[in-house]
Amino acid sequence: MRELLQAVATAVSSWAVPAMIGTILVAALVRRLPVYEEFVEGAKEGFQVGLRIIPFLVAMLVAMGMFRASGAIDVLKTIASPLLGAVGFPPDLLPMAIMRPLSGSGAQGLLAEIVKTFGPDSLLGRQAATMVGCSETTFYVLAVYFGSVAITRTRHAVVVGLTAELAGFITAIWVCRMVFA
């Protein structure tokens with residue numbers, strides 16, 4: 001059963017992106033949309049958005065760099081390890097769970113460390129990679145995108161974003177255990 005799940009996961013992951021791109025192109029052609037012109041227009045808009053979010057991006061990256069360099073993540077991991085082990089959450093993934101909602105580049109750095117330490121085909125490496133792939137940088141998105149359009153009252157966006165992160169992390173650990181353990 002496990003081999004079948006691995007084979008299905010490999011097949012789906014190999015064809016998911018090309019199938020999505022092909023579907024989009026076919027849908028655009030069926031609707032007779034000027035695909036190239038729409039792409040260029042979107043690229044122009046994306047560049048303008050990029051210019052508006054640069055100040056927020058710089059502030060967020062500096063804050064994340066300070067948080068990571070302070071060693072606060074490692075202290076928290078040491079304190080929380082007994083509880084995490086009791087509920088089946090690998091303590092080595094706590095820094096990833098903390099960093100991912102804050103910084104994509106910080107999470108990528110942690111992923112690289114986990115892969116270097118445990119190996120890319122280890123259960124922990126696969127769980128960490130799945131956590132990165134199934135989650136978003138919630139605070140980054142709120143700071144940059146809400147800040148660029150001057151939204152100051154985010155209401156329930158933080159709670160919803162962090163709840164989605166937690167659901168993604170739990171699912172990543174569970175699914176990887178089911179498929180790869």
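Read the figures in this text as sums done on the coordinates, not as results from a lab. Note that the structure is a prediction, hence the values are computed from the model and not measured. FYI the Cβ positions are ideal-geometry reconstructions off the backbone, even for glycines, and counts take in every protein chain you see.
Between rounded, prolate and oblate, where does the stretch 94-164 land on the alpha carbon gyration tensor, with a ≥ b ≥ c its root eigenvalues, rounded for a/c under 1.5, else prolate if a/b exceeds b/c?
Prolate.
Work out, step by step, the length gained on full extension between Ala59 and Leu83: first 0.36 nm times the residue separation, then minus their alpha carbon distance; give nm to one decimal.
The Ala59-Leu83 span can extend by a further 5.3 nm.
Please give me, ordered by residue number, the GluC sites (Glu not before Pro) of the stretch 75-181 that lie in loop per DSSP and have at most 15 other Cβ atoms within 10 Å.
Answer by residue number: Glu136.
Connecting C-alpha atoms closer than 10 Å in a GNM of the chain, tell me which of Ser105, Ser135, Ser14 has the biggest fluctuation.
Ser14
Using only DSSP helix segments of four residues or longer, with each worth -39500 (n - 2.57), what per-residue ellipticity at 222 nm results for the chain after dividing by its residue count and rounding to 500?
It comes out at -26000 deg cm²/dmol, rounded to the nearest 500.
Have a look at Met20, Met96, Met131 and tell me which one the Gaussian network model of the chain (Cα, springs below 10 Å) gives the largest fluctuation.
Highest fluctuation of the listed residues: Met20.
Taking the Cα centre of the chain as the origin, how large is its charge dipole in debye, to the nearest 20, when only Lys and Arg (+1) and Asp and Glu (-1) carry charge on their Cβ atoms?
240 debye
From the square roots a ≥ b ≥ c of the eigenvalues of the alpha-carbon gyration tensor of the chain, which class results: rounded (a/c under 1.5), prolate (a/b over b/c), or oblate?
In terms of gyration-tensor shape, oblate.
Taking the dipole about the Cα centre of the chain, with the C-beta of Lys and Arg at +1 and of Asp and Glu at -1, give me whichever of Phe39, Pro95, Ala9 is farthest to the positive side.
Pro95
Please check: in the Gaussian network model of the chain (C-alpha springs, under 10 Å), which one of Leu25, Leu93, Leu84 has the largest mean-square fluctuation.
Per the Cα network of the chain with a 10 Å cutoff, Leu25 tops the list.
Based on DSSP loop calls and a cut-off of at most 12 other Cβ atoms within 10 Å, the longest stretch of the chain free of exposed trypsin sites (Lys or Arg not before Pro) is what?
It runs 33-152.
Given contacts defined as C-alpha pairs under 8 Å and at least six residues apart, what's the relative contact order of the chain, whole-number percent?
Reported as a whole number, the value is 23 percent.
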